[in-house]
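The values are calculated or read from the model by the stated rules, or taken from the named source; none is laboratory data. Values in this document were obtained by computation on a predicted structure and should not be read as measured data. Note: ideal-geometry Cβ built from the backbone for every residue, glycine included; neighbour counts use all protein chains shown.
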Amino acid sequence: MPLLTVVLTLIVIGVILWLINTFIPMQGTIKSILNAVVVIVVVLWLLQGYGIIGHSGEIHLPTVSRR
């Protein structure tokens, strides 16, 4: 996944979340839940995009070779 795509996607998601938090009136607890869900989804998307988490949920860690 190219770095430019990741950065642009994070910027777009951040702007959309900011617009929702600023212009849509809702309770503070709902805003907190919405923000937490968006952060969790973005982190999972990044981990899956870079191959740390597979499509079925298994975790792949890079192997470290010792010399």
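Worth pointing out:
- Qualifying residue in segment 52-63 (condition: part of a helix (DSSP H, G or I) and surrounded by 11 or more Cβ atoms within 10 Å (Cβ to Cβ)): no
- Checking each residue in segment 33-49 for being modelled with pLDDT under 95 and of a type in the set (G, A, S) picks out only G49.
- None of V42, V12, V6 is free of Cβ contacts under 8 Å to residues at least 24 places away in the same chain, β-branched (V, I, T), surrounded by 10 or more Cβ atoms within 10 Å (Cβ to Cβ) and out of contact with any strand residue (DSSP E or B) (no Cβ under 6 Å at 6 or more places or on another chain) except V12.
- Scope segment 10-44; condition touching a helix residue (DSSP H, G or I) at 6+ places or on another chain (Cβ under 8 Å) and closer than 30 Å to L61 by Cα; matching residues: L10, I13, L34, N35, V38, V42
- Segment 50-67 residues that are modelled with pLDDT of 75 or more, paired with ones that are not in a loop (DSSP other than H, G, I, E, B) (beta carbon under 8 Å, 6 or more apart): I52/I59; I53/L44; I53/L47; I53/I59; G54/Q48
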